[in-house]
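For reference, the structure discussed in these notes is given below.
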Amino acid sequence: MNSMENLEKQLICPICLEMFTKPVVILPCQHNLCRKCANDVFQASNPYLPTRSGSLTSGGRFRCPSCRHEVVLDRHGVYGLQRNLLVENIIDMFKQETSSSKPTPERKDETPMCEVHEEEKINIYCVTHGMPTCSMCKVFGAHKDCEVSPISSIYQTKKTELSDGIAMMVGNNDRMQGIISQLEETCRAIEENSRRQKTLVCEKFDQLYSILEEKKREMSQKVTAEQEEKVNYIQGLTRKYGDHLDESCKIVELGIQTMEEPEVALFLQNTKPLLKK
């Protein structure tokens with residue numbers, strides 16, 4: 001029994017939460033879905049996909065509800081997916097095995113009983129209060145003035161509503177995932193653009209720095225050249241005036257010696273060239 005229960009869990013569709021109904025399609029990620037459920041999810045995920053005469057004219061995106069793997073379908077949509085005949089055969093064998101092994105009374109015991117009328121089974125649905133109840137509650141109890149419907153018809157309606165709601169939620173999740181992916185891509189684009197701009201700014205500043213360094217070197221060389229020119233000129237004047245000073249000092253010494261000459265004739269003889277100098 002445990003093995004059969006585990007097998008039954010493996011045969012549950014993740015969309016309708018019921019056992020797979022034929023035909024069963026297999027996705028590229030190896031997960032299975034009822035074709036109807038897969039088609040509901042596909043249409044909910046691609047609400048604006050163009051159609052022509054009720055058939056698709058182009059492919060669309062489909063995200064697996066089990067693993068979130070995204071599949072790009074062709075113009076056939078989910079009808080272009082391969083049927084999983086193995087799973088369909090297993091479902092047939094499972095249904096045959098369970099129908100032959102499980103006695104009918106045990107199935108009846110699963111039907112809940114009314115809390116007010118403990119001997120009565122819950123077999124109708126109170127539309128007014130939105131809850132299942134029994135026939136006695138409708139005839140004599142709290143729901144005698146309420147609108148009721150057969151529980152089987154309400155069951156199918158609610159099951160369809162839940163299945164549609166799940167398909168819609170899966171489609172909404174796919175769209176939100178698409179928005180998140182776009183935002184993440186935008187964030188990556190902003191980061192990449194920022195890196196490029198930083199690189200460009202650094203290159204521009206490196207170019208400016210190189211130009212400034214070149215101008216600095218040129219101006220430094222110019223100042224150094226002017227310094228050497230002026231220093232050489234001043235040094236030349238210094239040497240010139242130094243030589244003149246030395247010559248003048250020699251003349252002064254010679255004049256002092258001449259002034260001390262006691263002989264008048266010799267003094268006059270030496271004075272003429274000295275004065276000329």
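The values are calculated or read from the model by the stated rules, or taken from the named source; none is laboratory data. On a predicted model such as this, the values are computed, not experimentally measured, just so you know. Glycine gets a Cβ as well: all are built from the backbone with ideal geometry, and neighbour counts include every protein chain shown. The protein model used for the area step is the full one, side chains on, heavy atoms only, and it has no ligands, DNA or RNA in it. Shrake-Rupley method; radii C 1.70, N 1.55, O 1.52, S 1.80 Å.
A few notes on this one:
- Based on Cα contacts under 8 Å between residues 6+ apart, the chain shows a relative contact order of 13 percent.
- 3J(HN,Hα) couplings calculated from phi for segment 244-252 with the Karplus curve 6.51 cos²θ - 1.76 cosθ + 1.60 (θ = phi - 60°) are, in sequence order, 5, 5, 4, 4, 5, 4, 5, 5, 4 Hz; Gly and Pro show x.
- Normalised by the number of residues in segment 1-47, the mean separation of alpha-carbon contacts (under 8 Å, six or more apart) gives a relative contact order of 25 percent.
- Segment 81-100-segment 198-242 distance, computed between alpha-carbon centres (Å): 93
- The charge dipole of the chain, taken about its Cα centre with unit charges on the Cβ of Lys, Arg, Asp and Glu (plus for the first two, minus for the last two), comes to roughly 920 debye.
- With Cα atoms, 0 to 90° folded angle of helix 85-101 axis to the chain main axis: 40
- Computed over the chain, the P(r) curve from all C-alpha pair distances, binned at 5 Å from the origin, holds 1, 4, 6, 7, 7, 7, 6, 6, 6, 4, 3, 2, 2, 2, 2, 2, 2, 2, 2, 2, 2, 2, 2, 2, 2, 2, 2, 2, 2, 2, 1, 1, 1, 1, 0, 0 percent per bin.
- Cross-link pairs beyond the 31 Å C-alpha cut-off, checked among K22/K144; K121/K159; K9/K158; K9/K121: K22/K144
- For the chain, calculated [θ]222 nm from helices alone, where every DSSP H run of n ≥ 4 adds -39500 (n - 2.57): -21500 deg cm²/dmol
- Here the extension length gained between S181 and T199 equals 3.8 nm, from 0.36 nm per residue of separation less the Cα-Cα distance.
- Computed over protein heavy atoms with a 1.4 Å probe, the carbon and sulfur contribution to the accessible area of the chain reaches 56%.
- Per residue solvent-accessible surface (Å²) - the chain, probe of 1.4 Å: 75
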